[in-house]
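Written out below as C-alpha coordinates is the structure these notes cover.
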Amino acid sequence: MEMDFERCYRAVDSRDQRFDGWFYTGVTSTGIYCRPSCPAITPKRHNVRFFPSAAAAQGAGLRACRRCRPDAAPGSPLWDVRADVVGRAMRLIADGVVDRDGVPGLASRLGYTERHLHRMLSAEMGAGPLALARAQRAQTARILIETTDLAMAEIAFAAGFGSVRQFNDTLREVYASAPSDLRAARGRQQAPAGAGTIALRLAYRPPLHARALLDFLAVRALPGVEAVHDGTYHRGLRLPHGIGQVALTPTDGHVAATLRLADVRDLAPAVARCRRLLDLDADPVAIDATLAADPALAPAIAAEPGIRVPRAVDGFEQAVRAIIGQQVSVTSARTTLTRLLTAHARVDHEVIATGAGVSGQQLHDQPGELRGFPGAEELLGLPDSAFGMPVGRREALRGLARAVSDGTVDLAPGVDREDAVRRLLALPGIGPWTANYLAMRAYGDPDVLLSSDLAVRRGAAALGLPDTPPTLDRHAERWRPWRSYATIRLWRAA
(Lines give C-alpha, C1' and ligand atoms only; values in the text may rest on other atoms or scores of the structure.)
Protein backbone atom coordinates (compact mmCIF):
# COMPACT_ATOMS: atom_id res chain seq x y z
CA MET A 1 0.00 0.00 0.00
CA GLU A 2 1.46 3.37 -1.01
CA MET A 3 1.82 5.86 1.84
CA ASP A 4 1.73 9.45 0.58
CA PHE A 5 3.61 11.28 3.34
CA GLU A 6 2.03 14.72 2.85
CA ARG A 7 -1.52 13.41 2.74
CA CYS A 8 -0.97 11.19 5.78
CA TYR A 9 0.73 13.96 7.75
CA ARG A 10 -2.14 16.37 7.04
CA ALA A 11 -4.58 13.77 8.38
CA VAL A 12 -2.48 13.41 11.54
CA ASP A 13 -2.11 17.17 11.98
CA SER A 14 -5.90 17.61 11.75
CA ARG A 15 -6.56 14.51 13.90
CA ASP A 16 -8.96 13.25 11.25
CA GLN A 17 -10.59 10.12 12.63
CA ARG A 18 -11.84 9.13 9.17
CA PHE A 19 -8.33 7.81 8.53
CA ASP A 20 -8.17 5.62 11.63
CA GLY A 21 -7.46 2.09 10.41
CA TRP A 22 -6.31 3.27 6.97
CA PHE A 23 -2.75 3.71 8.24
CA TYR A 24 -0.74 4.00 11.46
CA THR A 25 1.62 6.77 12.55
CA GLY A 26 5.02 5.72 13.90
CA VAL A 27 6.86 8.26 16.06
CA THR A 28 10.56 7.39 16.12
CA SER A 29 11.42 9.83 18.91
CA THR A 30 9.06 8.11 21.38
CA GLY A 31 9.06 4.57 19.96
CA ILE A 32 5.28 4.39 19.73
CA TYR A 33 2.70 4.09 16.96
CA CYS A 34 -0.69 5.80 17.00
CA ARG A 35 -3.91 6.13 15.05
CA PRO A 36 -4.13 9.33 12.94
CA SER A 37 -6.65 10.89 15.33
CA CYS A 38 -4.44 10.51 18.42
CA PRO A 39 -5.03 13.57 20.66
CA ALA A 40 -1.33 13.87 21.55
CA ILE A 41 0.76 16.77 20.23
CA THR A 42 1.45 16.33 16.52
CA PRO A 43 4.98 14.92 16.13
CA LYS A 44 7.58 16.70 14.04
CA ARG A 45 7.85 15.58 10.45
CA HIS A 46 11.35 14.18 10.74
CA ASN A 47 10.22 11.91 13.61
CA VAL A 48 7.27 10.38 11.69
CA ARG A 49 6.91 7.21 9.63
CA PHE A 50 3.67 5.81 8.27
CA PHE A 51 2.72 2.14 8.20
CA PRO A 52 -0.10 0.29 6.40
CA SER A 53 -0.79 -2.02 9.36
CA ALA A 54 -0.26 -2.30 13.09
CA ALA A 55 1.83 -5.41 12.42
CA ALA A 56 4.19 -3.38 10.21
CA ALA A 57 4.64 -0.79 12.97
CA GLN A 58 5.30 -3.54 15.50
CA GLY A 59 7.81 -5.09 13.11
CA ALA A 60 9.66 -1.76 13.10
CA GLY A 61 10.07 -2.03 16.87
CA LEU A 62 7.30 0.39 17.88
CA ARG A 63 4.79 -0.16 20.68
CA ALA A 64 1.11 0.75 20.70
CA CYS A 65 0.14 4.14 22.12
CA ARG A 66 -1.69 3.77 25.43
CA ARG A 67 -3.64 6.95 24.88
CA CYS A 68 -5.30 6.38 21.48
CA ARG A 69 -5.10 2.55 21.46
CA PRO A 70 -4.45 2.11 17.73
CA ASP A 71 -5.12 -1.63 17.89
CA ALA A 72 -8.78 -0.82 18.62
CA ALA A 73 -9.25 1.41 15.56
CA PRO A 74 -11.81 0.45 12.88
CA GLY A 75 -10.45 -1.82 10.19
CA SER A 76 -9.54 -0.50 6.77
CA PRO A 77 -12.57 -0.20 4.45
CA LEU A 78 -10.32 -1.43 1.65
CA TRP A 79 -10.86 -5.05 2.65
CA ASP A 80 -14.57 -4.83 1.87
CA VAL A 81 -13.99 -3.11 -1.48
CA ARG A 82 -11.09 -5.23 -2.67
CA ALA A 83 -11.84 -8.69 -3.98
CA ASP A 84 -8.19 -9.56 -4.71
CA VAL A 85 -6.01 -12.01 -2.78
CA VAL A 86 -4.77 -9.45 -0.25
CA GLY A 87 -8.31 -8.31 0.55
CA ARG A 88 -9.49 -11.91 0.91
CA ALA A 89 -6.49 -12.75 3.10
CA MET A 90 -7.17 -9.84 5.44
CA ARG A 91 -10.80 -10.89 5.88
CA LEU A 92 -9.78 -14.47 6.65
CA ILE A 93 -7.04 -13.42 9.09
CA ALA A 94 -9.58 -11.25 10.93
CA ASP A 95 -11.85 -14.31 11.17
CA GLY A 96 -9.06 -16.26 12.90
CA VAL A 97 -8.12 -18.67 10.10
CA VAL A 98 -4.38 -18.41 10.86
CA ASP A 99 -5.00 -19.15 14.55
CA ARG A 100 -7.08 -22.22 13.68
CA ASP A 101 -5.35 -23.58 10.59
CA GLY A 102 -1.98 -21.82 10.50
CA VAL A 103 -0.45 -20.04 7.52
CA PRO A 104 -0.63 -23.28 5.43
CA GLY A 105 -4.40 -23.34 5.98
CA LEU A 106 -4.74 -19.70 4.94
CA ALA A 107 -2.63 -20.24 1.82
CA SER A 108 -4.66 -23.32 0.90
CA ARG A 109 -7.94 -21.40 1.25
CA LEU A 110 -6.58 -18.72 -1.09
CA GLY A 111 -5.00 -21.12 -3.60
CA TYR A 112 -1.44 -19.77 -3.31
CA THR A 113 1.83 -21.04 -1.88
CA GLU A 114 2.84 -19.79 1.56
CA ARG A 115 5.89 -18.05 0.11
CA HIS A 116 3.94 -16.17 -2.55
CA LEU A 117 1.22 -15.19 -0.05
CA HIS A 118 3.91 -13.86 2.30
CA ARG A 119 5.40 -11.81 -0.52
CA MET A 120 2.06 -10.27 -1.48
CA LEU A 121 1.07 -9.36 2.07
CA SER A 122 4.52 -8.02 2.92
CA ALA A 123 4.49 -5.81 -0.17
CA GLU A 124 1.06 -4.33 0.63
CA MET A 125 0.80 -4.52 4.42
CA GLY A 126 4.44 -4.35 5.49
CA ALA A 127 4.07 -7.68 7.29
CA GLY A 128 3.44 -11.33 6.47
CA PRO A 129 0.38 -13.37 7.50
CA LEU A 130 1.97 -14.64 10.72
CA ALA A 131 2.88 -11.12 11.88
CA LEU A 132 -0.61 -9.85 11.00
CA ALA A 133 -2.20 -12.69 12.98
CA ARG A 134 0.21 -12.05 15.86
CA ALA A 135 -0.91 -8.40 16.06
CA GLN A 136 -4.51 -9.60 16.24
CA ARG A 137 -3.64 -12.10 18.99
CA ALA A 138 -2.09 -9.30 21.04
CA GLN A 139 -5.26 -7.24 20.73
CA THR A 140 -7.44 -10.24 21.69
CA ALA A 141 -5.22 -10.92 24.69
CA ARG A 142 -5.43 -7.29 25.85
CA ILE A 143 -9.25 -7.39 25.64
CA LEU A 144 -9.39 -10.58 27.71
CA ILE A 145 -6.92 -9.21 30.28
CA GLU A 146 -8.91 -6.02 30.73
CA THR A 147 -12.45 -7.42 30.60
CA THR A 148 -12.25 -10.84 32.31
CA ASP A 149 -10.72 -12.45 35.38
CA LEU A 150 -9.35 -15.42 33.43
CA ALA A 151 -5.93 -16.67 34.44
CA MET A 152 -3.08 -15.46 32.24
CA ALA A 153 -2.33 -18.97 30.98
CA GLU A 154 -5.96 -19.37 29.88
CA ILE A 155 -5.83 -16.02 28.11
CA ALA A 156 -2.59 -16.94 26.33
CA PHE A 157 -4.08 -20.02 24.70
CA ALA A 158 -7.51 -18.46 24.16
CA ALA A 159 -5.87 -15.61 22.21
CA GLY A 160 -4.07 -18.10 19.95
CA PHE A 161 -0.54 -18.05 21.38
CA GLY A 162 1.44 -21.27 21.31
CA SER A 163 2.90 -20.80 24.78
CA VAL A 164 2.68 -18.56 27.84
CA ARG A 165 6.22 -17.36 27.17
CA GLN A 166 5.29 -16.28 23.64
CA PHE A 167 2.25 -14.50 25.08
CA ASN A 168 4.34 -12.62 27.66
CA ASP A 169 7.04 -11.65 25.16
CA THR A 170 4.53 -10.40 22.58
CA LEU A 171 2.57 -8.23 25.01
CA ARG A 172 5.77 -6.71 26.40
CA GLU A 173 6.88 -5.94 22.87
CA VAL A 174 3.56 -4.53 21.63
CA TYR A 175 2.40 -2.67 24.74
CA ALA A 176 5.69 -2.20 26.63
CA SER A 177 3.94 -3.77 29.62
CA ALA A 178 3.75 -7.18 31.19
CA PRO A 179 0.29 -8.81 31.11
CA SER A 180 0.02 -8.39 34.89
CA ASP A 181 0.66 -4.64 34.53
CA LEU A 182 -2.11 -4.35 31.91
CA ARG A 183 -4.50 -6.04 34.34
CA ALA A 184 -3.44 -3.78 37.21
CA ALA A 185 -3.98 -0.70 35.03
CA ARG A 186 -7.54 -1.68 34.15
CA GLY A 187 -8.76 -0.37 37.48
CA ARG A 188 -8.23 3.13 36.13
CA GLN A 189 -9.92 2.31 32.82
CA GLN A 190 -12.57 -0.36 33.16
CA ALA A 191 -13.56 -3.23 35.40
CA PRO A 192 -14.54 -6.74 34.31
CA ALA A 193 -18.09 -6.79 33.00
CA GLY A 194 -19.09 -9.55 35.40
CA ALA A 195 -18.78 -13.30 35.59
CA GLY A 196 -19.16 -14.96 32.24
CA THR A 197 -19.18 -11.84 30.07
CA ILE A 198 -16.73 -10.04 27.82
CA ALA A 199 -17.59 -6.39 27.27
CA LEU A 200 -15.82 -4.30 24.65
CA ARG A 201 -16.24 -1.34 22.35
CA LEU A 202 -16.38 -1.75 18.58
CA ALA A 203 -15.13 1.43 16.92
CA TYR A 204 -16.55 2.80 13.67
CA ARG A 205 -16.12 5.82 11.42
CA PRO A 206 -18.98 8.27 11.94
CA PRO A 207 -21.66 8.88 10.99
CA LEU A 208 -23.54 5.67 11.75
CA HIS A 209 -27.30 5.56 11.12
CA ALA A 210 -28.00 3.07 13.90
CA ARG A 211 -31.78 3.18 13.58
CA ALA A 212 -31.65 2.04 9.95
CA LEU A 213 -29.49 -0.94 10.94
CA LEU A 214 -31.72 -1.94 13.85
CA ASP A 215 -34.91 -1.46 11.80
CA PHE A 216 -33.56 -3.73 9.06
CA LEU A 217 -32.53 -6.45 11.52
CA ALA A 218 -35.67 -6.19 13.68
CA VAL A 219 -38.15 -6.81 10.87
CA ARG A 220 -36.22 -9.95 9.86
CA ALA A 221 -35.46 -11.21 13.39
CA LEU A 222 -36.08 -14.94 13.91
CA PRO A 223 -37.39 -16.09 17.33
CA GLY A 224 -34.78 -18.04 19.25
CA VAL A 225 -31.97 -16.77 17.03
CA GLU A 226 -32.08 -12.97 17.33
CA ALA A 227 -34.10 -10.13 18.84
CA VAL A 228 -34.08 -6.34 19.01
CA HIS A 229 -35.05 -4.72 22.31
CA ASP A 230 -34.64 -1.13 23.49
CA GLY A 231 -32.00 -0.19 20.95
CA THR A 232 -29.96 -3.37 21.42
CA TYR A 233 -29.58 -6.23 18.95
CA HIS A 234 -29.21 -9.69 20.52
CA ARG A 235 -28.37 -12.88 18.68
CA GLY A 236 -26.93 -16.36 18.99
CA LEU A 237 -23.72 -17.24 17.19
CA ARG A 238 -22.27 -20.41 15.71
CA LEU A 239 -18.50 -20.07 16.02
CA PRO A 240 -15.51 -22.29 15.14
CA HIS A 241 -15.11 -23.72 18.67
CA GLY A 242 -18.66 -23.54 19.98
CA ILE A 243 -21.64 -21.26 20.35
CA GLY A 244 -22.19 -17.86 21.89
CA GLN A 245 -24.49 -14.92 22.38
CA VAL A 246 -23.90 -11.24 21.74
CA ALA A 247 -25.71 -8.01 22.58
CA LEU A 248 -24.83 -5.01 20.37
CA THR A 249 -25.84 -1.48 21.35
CA PRO A 250 -24.90 1.39 18.99
CA THR A 251 -23.82 4.53 20.84
CA ASP A 252 -21.95 7.72 19.94
CA GLY A 253 -18.48 6.77 18.74
CA HIS A 254 -18.71 3.01 19.23
CA VAL A 255 -20.95 -0.03 19.44
CA ALA A 256 -21.04 -1.55 22.92
CA ALA A 257 -20.73 -5.35 22.63
CA THR A 258 -21.36 -7.87 25.39
CA LEU A 259 -20.35 -11.43 24.54
CA ARG A 260 -20.85 -14.81 26.17
CA LEU A 261 -18.81 -17.56 24.57
CA ALA A 262 -18.70 -21.30 25.15
CA ASP A 263 -14.99 -21.10 24.27
CA VAL A 264 -13.03 -17.85 24.59
CA ARG A 265 -10.83 -18.86 21.66
CA ASP A 266 -13.78 -17.63 19.59
CA LEU A 267 -13.40 -14.01 20.71
CA ALA A 268 -11.54 -12.78 17.60
CA PRO A 269 -13.90 -14.42 15.06
CA ALA A 270 -16.93 -13.29 17.09
CA VAL A 271 -15.71 -9.69 17.02
CA ALA A 272 -14.90 -9.89 13.30
CA ARG A 273 -18.38 -11.27 12.51
CA CYS A 274 -20.16 -8.64 14.60
CA ARG A 275 -18.16 -5.89 12.89
CA ARG A 276 -19.06 -7.40 9.52
CA LEU A 277 -22.75 -7.72 10.45
CA LEU A 278 -23.00 -4.01 11.26
CA ASP A 279 -20.59 -2.93 8.48
CA LEU A 280 -18.47 -1.04 11.00
CA ASP A 281 -15.36 -0.79 8.82
CA ALA A 282 -17.12 1.20 6.09
CA ASP A 283 -16.12 4.76 5.18
CA PRO A 284 -19.56 6.47 5.17
CA VAL A 285 -18.21 9.89 4.21
CA ALA A 286 -16.70 8.54 0.97
CA ILE A 287 -19.78 6.41 0.23
CA ASP A 288 -22.28 9.19 0.85
CA ALA A 289 -20.22 11.68 -1.17
CA THR A 290 -20.33 9.41 -4.24
CA LEU A 291 -24.06 8.68 -3.96
CA ALA A 292 -25.01 12.27 -3.11
CA ALA A 293 -23.58 13.39 -6.46
CA ASP A 294 -26.83 11.98 -7.90
CA PRO A 295 -29.52 14.64 -7.30
CA ALA A 296 -32.15 11.91 -6.87
CA LEU A 297 -30.31 10.46 -3.84
CA ALA A 298 -28.90 13.66 -2.36
CA PRO A 299 -31.94 14.60 -0.18
CA ALA A 300 -32.15 11.12 1.35
CA ILE A 301 -28.42 11.13 2.11
CA ALA A 302 -28.62 14.56 3.70
CA ALA A 303 -31.54 13.37 5.85
CA GLU A 304 -29.99 9.99 6.78
CA PRO A 305 -26.18 10.04 6.57
CA GLY A 306 -24.20 6.94 7.43
CA ILE A 307 -26.51 4.19 6.15
CA ARG A 308 -24.70 0.82 6.29
CA VAL A 309 -25.25 -2.52 4.56
CA PRO A 310 -26.32 -5.11 7.16
CA ARG A 311 -24.25 -8.18 6.39
CA ALA A 312 -24.14 -11.64 7.96
CA VAL A 313 -22.49 -13.52 10.81
CA ASP A 314 -23.25 -16.88 9.14
CA GLY A 315 -23.09 -17.32 5.37
CA PHE A 316 -25.15 -20.51 5.35
CA GLU A 317 -27.89 -18.88 7.40
CA GLN A 318 -27.98 -15.98 4.98
CA ALA A 319 -28.19 -18.33 2.00
CA VAL A 320 -31.14 -20.22 3.52
CA ARG A 321 -32.87 -16.90 4.22
CA ALA A 322 -32.25 -15.76 0.63
CA ILE A 323 -33.71 -18.92 -0.93
CA ILE A 324 -36.79 -18.84 1.28
CA GLY A 325 -37.18 -15.12 0.58
CA GLN A 326 -37.35 -15.55 -3.20
CA GLN A 327 -40.42 -13.80 -4.61
CA VAL A 328 -42.16 -13.49 -1.24
CA SER A 329 -42.50 -10.65 1.25
CA VAL A 330 -40.17 -10.24 4.22
CA THR A 331 -43.04 -11.12 6.57
CA SER A 332 -43.88 -14.30 4.66
CA ALA A 333 -40.23 -15.38 4.56
CA ARG A 334 -39.89 -14.78 8.30
CA THR A 335 -42.99 -16.91 8.97
CA THR A 336 -41.60 -19.80 6.90
CA LEU A 337 -38.19 -19.56 8.56
CA THR A 338 -39.78 -19.51 12.01
CA ARG A 339 -41.72 -22.67 11.14
CA LEU A 340 -38.49 -24.31 9.98
CA LEU A 341 -36.69 -23.39 13.19
CA THR A 342 -39.57 -24.62 15.32
CA ALA A 343 -39.60 -27.96 13.49
CA HIS A 344 -35.87 -28.26 13.85
CA ALA A 345 -36.20 -29.11 17.58
CA ARG A 346 -32.58 -30.03 18.09
CA VAL A 347 -31.86 -33.38 19.70
CA ASP A 348 -28.93 -31.91 21.58
CA HIS A 349 -30.59 -28.61 22.47
CA GLU A 350 -27.78 -26.07 22.28
CA VAL A 351 -27.30 -23.96 25.38
CA ILE A 352 -24.21 -21.92 26.09
CA ALA A 353 -22.35 -24.23 28.42
CA THR A 354 -20.10 -23.22 31.25
CA GLY A 355 -16.57 -23.60 29.98
CA ALA A 356 -13.25 -21.79 29.77
CA GLY A 357 -14.42 -19.55 32.59
CA VAL A 358 -17.54 -18.38 30.75
CA SER A 359 -20.94 -18.81 32.35
CA GLY A 360 -23.87 -20.38 30.55
CA GLN A 361 -26.53 -18.07 31.99
CA GLN A 362 -28.55 -15.92 29.65
CA LEU A 363 -27.27 -12.63 28.29
CA HIS A 364 -30.49 -10.82 29.00
CA ASP A 365 -33.75 -11.95 30.52
CA GLN A 366 -35.93 -10.33 27.88
CA PRO A 367 -34.52 -11.89 24.69
CA GLY A 368 -34.15 -15.23 26.47
CA GLU A 369 -31.98 -18.07 25.31
CA LEU A 370 -30.63 -17.48 21.82
CA ARG A 371 -28.83 -20.00 19.65
CA GLY A 372 -27.13 -20.03 16.31
CA PHE A 373 -28.94 -20.92 13.10
CA PRO A 374 -28.88 -24.65 12.16
CA GLY A 375 -25.90 -25.76 10.08
CA ALA A 376 -25.90 -27.55 6.73
CA GLU A 377 -25.70 -31.03 8.24
CA GLU A 378 -28.57 -30.30 10.60
CA LEU A 379 -30.76 -29.01 7.79
CA LEU A 380 -30.06 -32.14 5.73
CA GLY A 381 -31.27 -34.24 8.65
CA LEU A 382 -34.72 -32.63 8.75
CA PRO A 383 -37.75 -34.52 7.38
CA ASP A 384 -39.82 -33.16 4.47
CA SER A 385 -42.55 -32.06 6.89
CA ALA A 386 -40.19 -29.59 8.60
CA PHE A 387 -39.90 -27.32 5.57
CA GLY A 388 -43.46 -26.17 4.92
CA MET A 389 -42.74 -24.92 1.41
CA PRO A 390 -43.00 -26.04 -2.23
CA VAL A 391 -40.97 -29.10 -3.17
CA GLY A 392 -38.71 -27.14 -5.52
CA ARG A 393 -37.69 -24.70 -2.81
CA ARG A 394 -37.16 -27.47 -0.28
CA GLU A 395 -34.88 -29.30 -2.68
CA ALA A 396 -33.03 -26.06 -3.45
CA LEU A 397 -32.26 -25.76 0.27
CA ARG A 398 -31.07 -29.34 0.44
CA GLY A 399 -28.95 -28.87 -2.69
CA LEU A 400 -27.33 -25.84 -1.08
CA ALA A 401 -26.73 -27.73 2.16
CA ARG A 402 -25.08 -30.62 0.29
CA ALA A 403 -22.88 -28.19 -1.67
CA VAL A 404 -21.76 -26.48 1.54
CA SER A 405 -21.15 -29.81 3.28
CA ASP A 406 -18.99 -31.23 0.50
CA GLY A 407 -17.10 -27.96 -0.08
CA THR A 408 -18.51 -27.21 -3.54
CA VAL A 409 -19.81 -23.87 -2.23
CA ASP A 410 -17.98 -21.75 0.34
CA LEU A 411 -20.04 -19.04 2.04
CA ALA A 412 -17.18 -17.47 4.02
CA PRO A 413 -16.34 -13.80 3.37
CA GLY A 414 -12.79 -14.57 2.23
CA VAL A 415 -13.74 -16.41 -0.96
CA ASP A 416 -13.27 -15.22 -4.54
CA ARG A 417 -16.60 -13.44 -4.99
CA GLU A 418 -16.94 -13.96 -8.74
CA ASP A 419 -16.16 -17.67 -8.47
CA ALA A 420 -18.53 -18.02 -5.51
CA VAL A 421 -21.40 -16.43 -7.45
CA ARG A 422 -20.76 -18.78 -10.41
CA ARG A 423 -20.90 -21.78 -8.08
CA LEU A 424 -24.14 -20.58 -6.52
CA LEU A 425 -25.75 -20.05 -9.93
CA ALA A 426 -24.88 -23.65 -10.86
CA LEU A 427 -27.13 -24.94 -8.05
CA PRO A 428 -30.80 -25.75 -8.81
CA GLY A 429 -33.21 -23.14 -7.52
CA ILE A 430 -30.66 -20.31 -7.23
CA GLY A 431 -30.97 -17.51 -9.75
CA PRO A 432 -29.25 -14.14 -10.26
CA TRP A 433 -31.27 -12.33 -7.56
CA THR A 434 -30.37 -14.89 -4.88
CA ALA A 435 -26.69 -15.11 -5.88
CA ASN A 436 -26.30 -11.33 -5.98
CA TYR A 437 -28.16 -10.88 -2.69
CA LEU A 438 -25.66 -13.27 -1.12
CA ALA A 439 -22.78 -11.43 -2.77
CA MET A 440 -23.98 -8.28 -1.03
CA ARG A 441 -24.82 -9.68 2.41
CA ALA A 442 -22.80 -12.89 2.89
CA TYR A 443 -19.69 -12.03 0.86
CA GLY A 444 -19.72 -8.31 1.64
CA ASP A 445 -19.52 -7.00 -1.92
CA PRO A 446 -20.17 -3.23 -1.68
CA ASP A 447 -21.10 -2.88 -5.37
CA VAL A 448 -24.25 -4.96 -5.93
CA LEU A 449 -27.46 -3.47 -7.32
CA LEU A 450 -30.52 -5.73 -7.12
CA SER A 451 -32.24 -3.96 -10.00
CA SER A 452 -34.80 -6.75 -10.54
CA ASP A 453 -35.96 -6.61 -6.92
CA LEU A 454 -39.53 -5.31 -6.67
CA ALA A 455 -38.87 -3.17 -3.58
CA VAL A 456 -35.76 -1.68 -5.20
CA ARG A 457 -37.80 -0.74 -8.26
CA ARG A 458 -40.53 0.79 -6.08
CA GLY A 459 -37.91 2.78 -4.20
CA ALA A 460 -36.40 3.98 -7.46
CA ALA A 461 -39.80 5.12 -8.69
CA ALA A 462 -40.45 6.93 -5.39
CA LEU A 463 -37.21 8.89 -5.87
CA GLY A 464 -37.91 9.70 -9.51
CA LEU A 465 -35.31 7.25 -10.82
CA PRO A 466 -35.72 4.80 -13.73
CA ASP A 467 -37.58 1.76 -12.42
CA THR A 468 -37.03 -0.94 -15.02
CA PRO A 469 -33.96 -3.18 -14.52
CA PRO A 470 -32.10 -2.19 -17.74
CA THR A 471 -32.61 1.55 -17.29
CA LEU A 472 -31.88 1.42 -13.55
CA ASP A 473 -28.68 -0.55 -14.21
CA ARG A 474 -27.51 2.09 -16.68
CA HIS A 475 -28.33 4.94 -14.32
CA ALA A 476 -26.58 3.18 -11.42
CA GLU A 477 -23.20 3.15 -13.16
CA ARG A 478 -22.59 6.54 -11.51
CA TRP A 479 -22.99 4.92 -8.06
CA ARG A 480 -20.01 2.57 -8.42
CA PRO A 481 -18.37 1.15 -6.34
CA TRP A 482 -21.12 1.65 -3.74
CA ARG A 483 -24.23 0.22 -5.40
CA SER A 484 -24.97 -2.05 -2.41
CA TYR A 485 -25.45 1.08 -0.30
CA ALA A 486 -27.72 2.52 -2.97
CA THR A 487 -29.75 -0.71 -2.84
CA ILE A 488 -30.31 -0.26 0.91
CA ARG A 489 -31.38 3.35 0.35
CA LEU A 490 -33.82 2.32 -2.39
CA TRP A 491 -35.32 -0.28 -0.05
CA ARG A 492 -35.81 2.42 2.58
CA ALA A 493 -37.38 4.72 0.00
CA ALA A 494 -39.87 2.00 -0.89
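The values are calculated or read from the model by the stated rules, or taken from the named source; none is laboratory data. Since this is a predicted model, take the numbers as computed values, not measurements. Backbone-built Cβ (ideal geometry, glycine too); neighbour counts: all protein chains shown. With ligands, DNA and RNA removed, areas are computed over all heavy atoms of the protein, side chains included. Shrake-Rupley method; radii C 1.70, N 1.55, O 1.52, S 1.80 Å.
One decimal place: the segment Arg201-Ala123 gains 25.0 nm when fully extended, by the rule 0.36 nm per residue minus the C-alpha distance. The charge dipole of region 195-280, taken about its Cα centre with unit charges on the Cβ of Lys, Arg, Asp and Glu (plus for the first two, minus for the last two), comes to roughly 220 debye. Annotation: Cα Rg of region 37-91 relative to the compact-globule expectation 2.2 N^0.38 Å equals 1.34. The value given for the chain is a Kirkwood hydrodynamic radius of 23.5 Å, derived from the mean inverse Cα-Cα separation. Between Gln326 and any residue 5 or more places off or on another chain, the built amide H atoms are never under 5 Å apart. Stretched out straight at 0.36 nm per residue, the stretch from Asp473 to Ala298 would grow longer than its current Cα-Cα span by 61.1 nm. Seen from a random direction on average, the alpha-carbon convex hull of region 393-472 projects onto 5.8 square nanometres. Projected label points at Val285 and His229, each 7 Å from Cα along the beta carbon direction, are separated by 3.8 nanometres. Stokes-Einstein diffusion for region 249-291 at 10 °C, viscosity 1.306 mPa s, with a Kirkwood radius from C-alpha pairs, works out to 130 µm²/s.
Val330 label point, 7 Å along Cα→Cβ, cut-off 15 Å on backbone N: hits in region 199-216? Backbone N within reach: 210-216. Relative to its residue count, region 128-245 spans a Cα convex hull of 165 Å³ per residue.
Applying a 4.7 Å Cβ-Cβ cutoff to the chain, the cysteines left without a disulfide-compatible partner are Cys8, Cys274. Taking one quarter of the surface of the C-alpha convex hull of region 288-333 gives a mean projected area of 4.9 nm². For region 91-223, the share of accessible area belonging to carbon and sulfur comes to 53 percent (1.4 Å probe, ligands and nucleic acids excluded).
In region 1-121, the alpha-carbon atoms span a convex hull of 110 Å³ per residue.
Taking every C-alpha pair closer than 8 Å and separated by at least 6 residues, the mean separation divided by the residue count of the chain gives a relative contact order of 13 percent. Taking every Cα-Cα distance in region 50-196 and sorting them into 10 Å bins starting at zero, the pair-distance distribution P(r) comes out as 11, 40, 34, 14, 1 percent.
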